[in-house]
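The values are calculated or read from the model by the stated rules, or taken from the named source; none is laboratory data. Predicted model, so just to flag it, every value in this text is computed and none were measured. All Cβ positions, glycine included, derive from the backbone under ideal geometry; neighbour counts span all protein chains shown. We work out accessible area using only protein heavy atoms, side chains counted, and drop any ligands, DNA or RNA first. Shrake-Rupley method; radii C 1.70, N 1.55, O 1.52, S 1.80 Å.
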Amino acid sequence: MKRFLYTALLCVTALYAVAQQDSIKPLCPVFTAVEFEAGGVRLIDTYLSPWSYKGWDIALDVELMKAMKLDNYSWVWQQRIGLNYGQTRLSISGAGLTREGGLDYSFAMMRRSNTPIDGLQLYYGGDVSLRAQGLYNYHGGNNPTSVKADISLGLTGMVVYNFSLGKLPLTARYQMNLPLVGVFAQPQYAESYYEVWLGNYRDFLHCGTWANRFDMGNRITIDMHMGSWALRVGYHNRIDTTYENNNRYQLVMHNFVVGFAGDLAGVDYKHNNRPVIRALYNISQ
Amino acid sequence: MKIKSVLYILSALLLVQLQACFVDDDSHVQDTAKTNFNALWHIVDEHYCFFEYKGVDWDSVYNYYAPRVNDDISDQDFFNLCGEMLASLQDGHVNLASAFASSYYWKWFQDYPVNYDERIVHENYLNFDFYQAGGITYKKLRENIGYIYYDSFSSSISPTTLDYILAHFITCDGLIIDVRNNGGGSLSNVEVIASRFIDAPILAGYIQHKTAPAHDALSEPYAYYYRPAEGHILYGKPVVVLTNRHTFSAANNFVQVMKSLPQVTIIGDRTGGGSGLPFTYNLPNGWNLRLSASPILDADGNDTEWGIDPHIKVDMAPNAYQTGRDAILDCAIECIAQQQYIMK
């Protein structure tokens, strides 16, 4: 009986210890990157003008990533919020003026998996994105503005490769966003926004699929680890297209990216023995 | 390693070349007179909304003008030729604007009496003593009739300003709203003013738009309504609206709405029309082409592109400047004084 009691007590103590160990939640810092972009843009919106315009674009982008508890921390979430502004002129003659600008936000969830190649990780999942974009053509009339607003669900994935160049740790990354379905706003062929404002919303919102809309985002970056933060350089390409109501809208942007990344929110690691699980790569503390 | 590097570079180039797949490439288009002429013709062909209504054979117009265009033509001559071609649409809303000139179609008022002289009104009716606010000139006439002159619907009027003006006329026997020589402006200003003369929602008219490039591809008319200006002064006494051929575009729309109200009489000449909401497009050379793209119909579903007839047709006398009398304004004063406004 005594042996049984000792054994039971030992088991309870052991289980308690294990439970205690399990309850130590890992620390999942929010990886933050702030990017400044500048480059070229080419667009055509036949609602405004049948000709293409080209010019420059600048953008500010903030990226947040964090490991999720889901499936033993093998998932991460990523949020991006971006603001861009550009100015374009007729590609043919350099005359005319169209300004473009917008705000976009996306939330993605990706599963990450290691590969047999040392330092190479794959992330894959889905995202939901919202975009509000506006074009303003200075030709006047009742069609100077074209508003682009959409919400969409899509696929996203990244290839991340950690390596070193001499003593400098680097992380190269390629990420693609590919919206699949969604809803976007587009007035009819030559319907004025005044008529929409009067209340005629007929055929204004459209279900977006690859039949009438194709968007894609490509982002190649290299993070150069500088102690507790990283310097980011890269390239961002964005393609937005819609074809609806006999109107074509196409925008292609090529931007050079420079920014910085790290646990910018500030996490107290020194007074915490909890394990740290990062969304993207390790940063020295 | 070399092969890998080449592959990486090729991939990057492929990504950059994606642009070519997604933005229609018009870099091969030359900025020549022929290109711009064809662009002009096609934009009108695909966006102008009154071909059917006016019975214009746009293909014939092309056949007539296209042979006259060659790439040696001067900018000035080319501009004049384009302006001449656009005049065949007989539309005051169609014009071409370049850095050196703008083309206009003036016939819609040139062949008619002027029917307005600001000097006569200011001197003999307002005695050079009047108020001006928000683009409106106003005064209480000696016959105890309010007079408002509004020269452009581009001039915004605040609800407060309109309250002050209507309060000023609250004891008058009636009100004259003079929109002669008003070339239009913003349709939202039409509603701002018209909503003061209704006490219940009214059907203001219908609006259509092109749904495709075909000439007859017009949407079903969409009904739009005006509601009384809640919380503001409403005016229910007799109203006379004065018009001439230079009452155009948004001013034409204002007359169209006011004409449907029972206490309103329209006096003067037929309005200039211009019922198409204009859109503007660039030509490859940067010139701007404006055209009627979206017809606005009256509450009975009729197009008013050619103008609106007044209830009482009056022309100013040819020697008005000598007599100092404005026959249209005199008629309006008499009409209100005798309460002879048209009851519908």
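Here are a few things to note about the model shown:
- Any hit, segment B:111-120, residues being assigned to a helix (DSSP H, G or I) and open to solvent by less than 70 Å² (accessible area, probe 1.4 Å): yes
- Test result for A:VAL41, in contact (Cβ under 8 Å) with a residue 24 or more places away in the chain and open to solvent by 30 Å² or more (accessible area, probe 1.4 Å): no
- Some residue of segment B:217-225 being free of Cβ contacts under 8 Å to residues at least 12 places away in the same chain and hydrophobic (A, V, I, L, M, F, W, C): yes
- As for segment A:232-242, it holds at least one residue that is farther than 30 Å from B:HIS47 by Cα, within 12 Å of another protein chain (Cβ to nearest Cβ) and among the charged types (D, E, K, R).
- Just one residue in the set A:TYR161, A:TYR193, A:TYR174 is touching a Pro at 6+ places or on another chain (Cβ under 7 Å), open to solvent by 10 Å² or more (accessible area, probe 1.4 Å), within 14 Å of another protein chain (Cβ to nearest Cβ) and without any contact (Cβ under 8 Å) to a residue 60 or more places away in the chain; that residue is A:TYR193.
- Residues located in segment A:87-122, provided they are assigned to a strand (DSSP E or B), within 14 Å of chain B (Cβ to nearest Cβ) and crowded, with 21+ Cβ neighbours inside 10 Å: A:THR88, A:LEU90, A:THR98, A:GLU100
- Yes/no for B:SER188 being farther than 21 Å from B:GLY236 by Cα and not in a helix (DSSP H, G or I): no
- Being at positive phi and not in a strand (DSSP E or B) is a condition met by at least one residue of segment A:226-240.
- The residues listed here are B:TRP287, B:TRP306; of these, the one that is within 13 Å of chain A (Cβ to nearest Cβ), among the aromatic types (Phe, Trp, Tyr) and open to solvent by 10 Å² or more (accessible area, probe 1.4 Å) is B:TRP287.
- Some residue of segment A:145-157 being open to solvent by 20 Å² or more (accessible area, probe 1.4 Å), within 14 Å of another protein chain (Cβ to nearest Cβ) and in contact (Cβ under 8 Å) with a residue 12 or more places away in the chain: yes
- Taking segment B:196-221 as the range and being in a loop (DSSP other than H, G, I, E, B), open to solvent by 10 Å² or more (accessible area, probe 1.4 Å) and within 14 Å of chain A (Cβ to nearest Cβ) as the test, the residues that pass are B:PRO201, B:GLN208, B:THR211, B:ALA212, B:PRO213, B:ALA214, B:HIS215, B:ASP216, B:ALA217, B:SER219, B:GLU220, B:PRO221.
- Under the condition of being surrounded by fewer than 16 Cβ atoms within 10 Å (Cβ to Cβ) and in a strand (DSSP E or B), the residues counted in segment A:63-78 number 0.
- Condition met for A:GLY102 (without any contact (Cβ under 8 Å) to a residue 60 or more places away in the chain, small (Gly, Ala, Ser) and over 28 Å from A:THR209 (Cα atoms)): no
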